[in-house]
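Below: the structure, in structure tokens.
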Amino acid sequence: MAPCTAVGVLPALLLCAVGASARRVTGVLEVAFDSDRLAGARLLARLPFSAITLGHIVLARTHACHRAVRSHERVHVAQYERWGLLFFVLYLGSSAWQLLRGRRPYVDNHLERQARRLAGDDDPPVG
Ligand SMILES: [Zn+2]
């Protein structure tokens, strides 16, 4: 298992322990709740993003959310494949750089802009 995917195992297991389910889609493990009405999904709805990718594991509020953000998150999977553990450094570094420049650390992050561009996303960002 790639080290970045290993980082995603614990949160995936925690979500599954409270009712989420995991599905393997195109070689990526997608973890989410089946319904927005479940307590765990309502809790995840408070986060400022729709999904998060950790190597080949993607966590989202619901499986419907996965369908909506799949192309964007697959770009992040490719970024992890390219950069490995350096992805975390690059992501945090880009966010810090944007913050220092008075920009938005998430929206203006280089890896997020690249994911939006390659996935053909509209603004605002999806995940
Ligand atoms: Zn993203």
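Over region 3-119, the alpha carbon radius of gyration divided by the compact-protein estimate 2.2 N^0.38 Å works out to 1.06. The dipole here belongs to the chain: it is taken about the Cα centre, uses +1 on the Cβ of Lys and Arg and -1 on the Cβ of Asp and Glu, and is about 100 debye. Ordering 92, 18, 55 by Cα displacement along the dipole of region 3-119 toward the positive end leaves 92 in first place; charges were set at the Cβ atoms of Lys, Arg (+1) and Asp, Glu (-1). If the chain linking residue 117 and residue 103 were pulled fully straight, counting 0.36 nm for each residue of separation and taking away their Cα-Cα distance, it would gain 3.2 nm.
Efficiency by 1/(1 + (r/R0)^6): what FRET value for residue 39 and residue 92, r their Cβ-Cβ distance, R0 = 35 Å, to the nearest 0.05? Mind showing how you got there, number by number?
On the way: r = 30 Å, r/R0 = 0.87.
Calculated transfer efficiency: 0.70.
Model label sites at residue 46 and residue 18, defined 7 Å from Cα along the beta-carbon direction, differ in position by 0.9 nm. Each peptide among 5-18, 72-85, 50-63 gets the average number of other Cβ atoms lying within 10 Å of its residues, and from highest to lowest they stand as 50-63, 72-85, 5-18.
Coordinate-derived values only; no laboratory data. All values reported here derive from a predicted model rather than from experimental measurement. Heads up, the Cβs are rebuilt from the backbone with ideal geometry, glycines too, and the neighbour counts pull from every protein chain shown.
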